[in-house]
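Accompanying notes for the structure given below.
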Amino acid sequence: MRIKPLESDMPDSKLVDPFGRRITYLRLSVTDRCDFRCTYCMSEDMVFAPRAQILTLEELYAVADAFISLGVKRIRVTGGEPLVRKGLPSLLSRLGAREELDDLAITTNGSQLPTLAPVLREAGVKRLNISLDSLKRERFAELTRRDMLDQVVAGIDAARSAGFDRIKLNSVIQKGRNDDEVLDLVNFAVERGLDISFIEEMPLGNVSSHEREITFCSSDEVRERIEVGHQLIRSSHTTGGPSRYWQVAGSDTQVGFISPHSNNFCGSCNRVRVTAEGKLVLCLGHEGALDLKTLMRRYPGDRERLRQALVDALQLKPEKHEFRTDEQVQVVRFMSMTGG
């Protein structure tokens with residue numbers, strides 16, 4: 001799809017929601033497919049979208065281009081597992097060449113990094129987030145439904161060698177399932193010079209492997225476990241996202257806490273998501289979404305129409321999510337469908 005040039009790019013244009021929050025961060029999902037089946041993210045027998053319903057690489061770039069022209073400075077490429085998307089390096093290279101972007105990052109499960117880490121770095125990716133919920137092989141296989149811990153660790157080490165600006169581990173902690181590994185995960189990060197964020201599980205999609213009310217582990221509880229073995233110092237470090245950071249004393253490791261339940265971060269929300277099917281999700285905790293794919297395929301190459309649709313859609317962004325662990329799921333789509 002060719003993008004029509006505009007007479008004016010309106011460099012002062014902004015994406016601002018009704019609450020005065022300026023959107024400068026896009027999470028762009030390139031696929032709903034994944035080579036894992038993490039129990040909190042998807043079901044074992046997931047039904048994926050037909051490939052014709054997934055945005056093409058050219059359409060994904062058109063979406064990103066529209067957001068960049070409207071003031072977005074940071075893009076994180078997500079999935080599913082983004083590294084299973086064929087042709088992804090070509091899209092990353094185009095985005096990596098955009099001087100307007102301050103940051104191009106990827107969230108991955110790490111399984112493809114042993115071979116792709118240097119390719120991603122060469123394409124212009126600056127930062128990686130790598131999901132890692134357990135260092136125990138059997139437990140890792142239980143949580144991800146795949147026996148691939150050794151491959152993920154090899155991918156982490158390959159990423160370290162590739163020279164990314166920053167590498168961060170993401171861990172979803174659940175009581176009775178992996179909360180006994182909090183300190184081990186921090187030690188793993190410190191030993192390798194990595195950052196790590198601990199994430200409260202978000203109630204997206206119906207899961208059968210556990211009861212979220214019982215397995216919920218708050219960020220405060222996680223921090224208490226860490227402080228058994230490490231002194232944490234409040235940090236001014238920020239990536240522009242919802243994490244609150246602490247530094248492990250005597251190291252360069254930053255420990256982040258993403259707390260959608262115990263410490264609502266909606267007041268400073270600066271992001272939106274686009275799913276692999278081209279749905280603009282204004283809030284992770286709400287079902288509503290704008291169908292960008294239909295718009296782009298009805299009016300191919302009409303960049304101004306796409307830009308205006310984004311500006312208009314921002315007026316519908318809700319003030320906050322309403323995540324709870326003790327009621328029925330409010331959002332039926334799985335995290336893998338939304339983009340991590």
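The values are calculated or read from the model by the stated rules, or taken from the named source; none is laboratory data. Remember, it's a predicted structure, so these values are computed and weren't measured experimentally. Methodologically, a virtual Cβ is constructed for each residue, glycine included, from the backbone with ideal geometry; neighbour enumeration extends over all protein chains shown. We work out accessible area using only protein heavy atoms, side chains counted, and drop any ligands, DNA or RNA first. Shrake-Rupley method; radii C 1.70, N 1.55, O 1.52, S 1.80 Å.
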query: Out of Arg177, Arg192, which single residue is touching a helix residue (DSSP H, G or I) at 6+ places or on another chain (Cβ under 9 Å), without any contact (Cβ under 8 Å) to a residue 40 or more places away in the chain and under 19 Å from Val248 (Cα atoms)?
result: Arg192
task: Please specify each residue of region 108-139 satisfying the condition of being β-branched (Val, Ile, Thr) and farther than 22 Å from Gly71 by Cβ.
output: Thr108, Thr115, Val119, Ile130
- request: State which residue is nearest to the chain's Cα centre (by Cα) when the search covers only region 69-82 and only residues that are buried (at least 23 other Cβ atoms within 10 Å of the Cβ) and of a type in the set (D, E, K, R).
  value: Arg76
query: Tally time: how many residues in region 95-143 are farther than 13 Å from Pro82 by Cα, out of contact with any helix residue (DSSP H, G or I) (no Cβ under 9 Å at 6 or more places or on another chain) and open to solvent by less than 20 Å² (accessible area, probe 1.4 Å)?
result: 2
statement: Flagged in region 172-184 as within 17 Å of Trp246 (Cα to Cα) and crowded, with 22+ Cβ neighbours inside 10 Å, in numbering order, are Val182
Residue selected from region 47-56 under the condition out of contact with any helix residue (DSSP H, G or I) (no Cβ under 7 Å at 6 or more places or on another chain) and part of a loop (DSSP other than H, G, I, E, B), by the criterion surrounded by the most Cβ atoms within 10 Å (Cβ to Cβ): Ile54
- prompt: under 29 Å from Arg305 (Cβ atoms) and more than 16 Å from the chain's Cα centre (by Cα): does that describe Asp65?
  reply: yes
- request: Pick out the one residue from Val72, Val84, Val77, Val47 that is at pLDDT below 95 and either β-branched (Val, Ile, Thr) or under 22 Å from Leu310 (Cβ atoms) (or both).
  value: Val47
- line: Residues of region 5-44 being surrounded by fewer than 12 Cβ atoms within 10 Å (Cβ to Cβ) and either under 19 Å from the mean Cα position of the chain (by Cα) or modelled with pLDDT under 90 (or both), in sequence order, are Pro5, Leu6, Glu7, Ser8, Pro11, Asp12, Glu44
Enumeration of residues in region 150-167 that are touching a residue at least 24 places away in the same chain (Cβ under 8 Å) and open to solvent by 90 Å² or more (accessible area, probe 1.4 Å): Arg160, Ser161, Asp165
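Could you list all residues from region 235-250 that are surrounded by fewer than 14 Cβ atoms within 10 Å (Cβ to Cβ) and at pLDDT 95 or above? Don't jump to the end; show me each part of the working.
Going through region 235-250, the residues surrounded by fewer than 14 Cβ atoms within 10 Å (Cβ to Cβ) turn out to be 236, 238, 249-250.
Those that are surrounded by fewer than 14 Cβ atoms within 10 Å (Cβ to Cβ) and at pLDDT 95 or above: Ala249, Gly250.
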Flag for Asp147 being of a type in the set (Asp, Glu) and surrounded by fewer than 16 Cβ atoms within 10 Å (Cβ to Cβ): yes
statement: All conditions in (1) in contact with a Gly (Cβ under 9 Å, 6 or more places away or on another chain); (2) crowded, with 22+ Cβ neighbours inside 10 Å are true of Ala66 except (1)
message: Exactly one of these conditions fails for Gly176: (1) part of a loop (DSSP other than H, G, I, E, B); (2) more than 27 Å from Thr215 (Cα to Cα). Give me its number.
response: (2)
